[in-house]
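Trainee: Got a structure here, written out as structure tokens. Questions coming.
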Amino acid sequence: MIKKYKPTTPGRRHYSVSDYSVLTTDEPFKKLTAFKKRRVGRSNGRITVRHKGGGNKKLYRSIFFGEEKKGIPGLVKTIEYDPNRSCFISLISYEDGEWGYILSPQGIKVGDKIICDEKVAFKKGNRMMLKNIPVGNFVHNVEVKSSAGGKLVKSAGSSAQVVAQDGKYTHLKMPSSEVRKIIDHYYASIGQLSNVEHKMISIGKAGRSRHLGKRPKVRGTAMNAVDHPYGGGEGRTKRGTRRPKSIYGKVTGGKKTRKTKRYSNKFIVSKRKKKRK
């Protein structure tokens with residue numbers, strides 16, 4: 001449920017936040033946090049990615065994305081907010097005495113038991129090989145390389161659906177609607193990720209974007225001709241170029257950007273569906 005506020009100020013009028021009532025603590029587990037220097041879009045002092053800078057300080061939480069605790073049961077101790085990602089995270093106490101964070105699936109509760117192994121009980125938060133997951137079920141934090149940890153489906157509310165088991169491959173329908181083959185002895189976690197309504201949040205005011213480390217954007221048409229392909233002219237003028245372009249003159253609209261010889265092309269069964277305008 002999204003939390004909205006009364007319009008006591010212009011900034012509050014369209015302001016909304018996620019429902020944080022599911023969180024059980026405000027403080028992270030200190031031993032699993034570390035300071036991480038932010039590059040803010042710069043390399044050797046030069047801006048390489050625009051519109052980044054400022055923002056609140058944040059500690060990085062060390063998270064288990066792979067099979068670091070294979071075969072060792074764990075108990076969910078907390079559900080926490082993580083400033084470095086859109087979904088929530090859960091603190092796990094493992095039977096060998098170690099602690100760790102995992103990405104929190106929707107519906108997991110404090111006191112639940114989880115485990116990662118080749119074949120385990122089909123339960124939210126558990127992690128196992130793709131070949132042992134029944135067709136039709138949803139997964140997240142999917143591996144694409146053995147023992148490298150989850151790389152796909154890690155943002156708030158996202159999940160991939162197991163649509164087929166075909167020989168040594170499992171077919172997954174991604175959040176983008178693309179159907180992709182993944183080797184069936186790679187691992188994935190059960191369930192949909194938490195904070196499902198994250199994409200419906202309204203930022204509400206410019207200052208909130210600055211707190212997130214996002215600097216203002218300037219429209220191309222508002223620039224001078226020397227600064228952008230859309231710039232210059234008297235008053236409001238048309239684009240002046242047939243195809244949409246970036247600030248560097250690179251075509252952005254209607255051009256395929258995927259590399260034709262990309263290694264993963266052979267694993268795509270069905271391309272993602274185009275959105276209708």
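Trainee: Note down all Cβ pairs under 6 Å where the first residue falls in region 135-158 and is part of a loop (DSSP other than H, G, I, E, B), the second is polar (S, T, N, Q), and they're at least six residues apart or on different chains.
Mentor: That search, which allows pairs on different chains as well, returns ASN141/SER189; GLY150/ASN141; LYS154/ASN141; SER155/SER86; ALA156/SER86; ALA156/ASN195.
Trainee: While we're here: Does THR25 satisfy being in contact (Cβ under 8 Å) with a residue 12 or more places away in the chain, among the hydroxyl-bearing types (Ser, Thr, Tyr) and part of a loop (DSSP other than H, G, I, E, B)?
Mentor: Judged against the criteria, THR25 is a match.
Trainee: Looking only at region 136-151, which residues are more than 17 Å from GLU68 (Cβ to Cβ) and out of contact with any Ser or Thr (no Cβ under 9 Å at 6 or more places or on another chain)?
Mentor: GLY136, ASN137
Trainee: A further question on this structure: In region 152-177, how many residues are at pLDDT 95 or above, over 19 Å from ILE79 (Cβ atoms) and charged (D, E, K, R)?
Mentor: Adding up the residues that qualify gives 1.
Trainee: I'd like the full set of residues that are more than 15 Å from the chain's Cα centre (by Cα) and hydroxyl-bearing (Ser, Thr, Tyr), limited to region 151-188.
Mentor: Within region 151-188, TYR169, THR170, SER177, TYR186, TYR187 qualify.
Trainee: Further question: In region 189-214, which residues are small (Gly, Ala, Ser), touching a helix residue (DSSP H, G or I) at 6+ places or on another chain (Cβ under 8 Å) and not in a helix (DSSP H, G or I)?
Mentor: SER194, GLY204
Trainee: OK, next. Say we look at region 6-36 and pick out the residues that are surrounded by 11 or more Cβ atoms within 10 Å (Cβ to Cβ) and among the small types (Gly, Ala, Ser); which of these is farthest from GLY111 (Cα to Cα)?
Mentor: Among them, the one singled out is GLY11.
Trainee: Residues GLY107, GLY111: which one is out of contact with any strand residue (DSSP E or B) (no Cβ under 6 Å at 6 or more places or on another chain), loosely packed, with under 14 Cβ neighbours inside 10 Å, in contact (Cβ under 8 Å) with a residue 60 or more places away in the chain and part of a loop (DSSP other than H, G, I, E, B)?
Mentor: Every option except GLY107 fails the conditions.
Trainee: Read through the list (1) over 30 Å from ILE108 (Cα atoms); (2) in contact with a Pro (Cβ under 8 Å, 6 or more places away or on another chain); (3) surrounded by 12 or more Cβ atoms within 10 Å (Cβ to Cβ); (4) not polar (S, T, N, Q), then give the number of the only condition that ASP227 fails.
Mentor: With respect to (1) over 30 Å from ILE108 (Cα atoms); (2) in contact with a Pro (Cβ under 8 Å, 6 or more places away or on another chain); (3) surrounded by 12 or more Cβ atoms within 10 Å (Cβ to Cβ); (4) not polar (S, T, N, Q), ASP227 is out only on (2).
Trainee: Does ALA121 fit the bill of being buried (at least 20 other Cβ atoms within 10 Å of the Cβ), hydrophobic (A, V, I, L, M, F, W, C) and at negative phi?
Mentor: Working: buried (at least 20 other Cβ atoms within 10 Å of the Cβ): no; hydrophobic (A, V, I, L, M, F, W, C): yes; at negative phi: yes.
Spelling it out, it is not the case that ALA121 is buried (at least 20 other Cβ atoms within 10 Å of the Cβ), hydrophobic (A, V, I, L, M, F, W, C) and at negative phi.
Trainee: Could you list, in sequence order, the residues of region 206-220 that are among the small types (Gly, Ala, Ser) and closer than 21 Å to SER86 by Cα?
Mentor: The first filter runs over region 206-220 and keeps only residues among the small types (Gly, Ala, Ser), leaving 206-207, 209, 213, 220.
The answer is ALA206, GLY207, SER209, GLY213.
The values are calculated or read from the model by the stated rules, or taken from the named source; none is laboratory data. Just so we're clear, the structure is a prediction, and the values are computed from it rather than from any experiment. Using ideal geometry, Cβ is built from the backbone for each residue, glycine included, and neighbour counts are taken over all protein chains shown.
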